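These notes concern the structure reproduced below.
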Amino acid sequence: MAVREVLKMGDPRLLEAACPVGDFASPEFVRLIADMHDTMRALNGAGLAAPQIGVGLQVVMFGVDANPRYPEAEAVPYTVLVNPVLTPLSDAMEEGWEGCLSVPGMRGLVPRYVALRYQGFDAEGQPIDRSVSGFHARVVQHEVDHLHGILYPMRIRDLRCFGFTDTLFPGQVLQDD
Ligand code: NI
């Protein structure tokens, strides 16, 4: 297990489409999950996608603990999601602020589907099928975008709503994903 370097925006590997995982028992896959977990925890991230550590496989993980200082930031269960498929549950979208470990120190206002169903597999290859909304749905969309070579600044509608975290939100400690 190891904390891996997170690629930053500008690295062409972040713009590639990731491939499905075929073998959940391979040592390489087990090591990937462990390294992603260590990296996300070390950087206090809300989520991480395999392409962010230079691995072009369809693997994301995310999880947010409840924080009494930010009651509006709801908890999201720690989840490893492999080969994900997203299905919006309606056309409704809403804007929300996002950050990313590959775009350090910045925040942008990004439109996302309010509610969606996500399907895929956990780290042991067991099926996952959840319908979620709000912040949980936002985090999933952000992470799965990484598997399609999309970084959140590419979805910002008004670039006036994109800037440095410490200027936009002075004094706040915010998580990136
Ligand atoms: Ni990200």
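Of all residues in segment 43-75, those that are at pLDDT 95 or above and either touching a Phe, Trp or Tyr at 6+ places or on another chain (Cβ under 6 Å) or of a type in the set (Gly, Ala, Ser) (or both) total 6. Only a single item in (1) touching a Ser or Thr at 6+ places or on another chain (Cβ under 9 Å); (2) assigned to a loop (DSSP other than H, G, I, E, B); (3) surrounded by 14 or more Cβ atoms within 10 Å (Cβ to Cβ) is not met by Met61, and it is number (2). From the list Met36, Met9, the lone residue that is touching a residue at least 12 places away in the same chain (Cβ under 8 Å), surrounded by 14 or more Cβ atoms within 10 Å (Cβ to Cβ) and under 13 Å from the mean Cα position of the chain (by Cα) is Met36. For Glu94, the criteria (1) within 16 Å of the ligand (Cβ to nearest atom); (2) assigned to a strand (DSSP E or B) hold in every case but one, which is (1). Please enumerate the residues belonging to segment 114-155 that are among the charged types (D, E, K, R) and within 16 Å of the ligand (Cβ to nearest atom). The answer is Arg138, Glu143, Asp145, Arg155.
Figure legend. Inter-residue proximity from segment 137-164: first residues farther than 16 Å from Val6 by Cα, second residues away from the ligand (no atom under 11 Å from the Cβ) and in a loop (DSSP other than H, G, I, E, B), beta-carbon distance below 8 Å, spacing 6+ or different chains. Indicated pairs: Ala137/Val114; His148/Ala17; His148/Ala18; Phe162/Ile156.
Against the criterion of being of a type in the set (Asp, Glu), part of a loop (DSSP other than H, G, I, E, B) and away from the ligand (no atom under 13 Å from the Cβ), Glu74 qualifies. Note on segment 39-57: residues that are surrounded by fewer than 19 Cβ atoms within 10 Å (Cβ to Cβ), hydrophobic (A, V, I, L, M, F, W, C) and within 14 Å of the ligand (Cβ to nearest atom) amount to 1. Please work out which one of (1) in contact with a strand residue (DSSP E or B) (Cβ under 9 Å, 6 or more places away or on another chain); (2) over 17 Å from Val144 (Cβ atoms) is the condition Gln126 fails and give its number. Failed condition: (1).
The values are calculated or read from the model by the stated rules, or taken from the named source; none is laboratory data. If you're wondering where the values come from, they're calculated on a predicted model, not measured in any experiment. Reconstructed Cβ throughout: ideal geometry from the backbone, glycine too, with neighbour counts over all protein chains shown.
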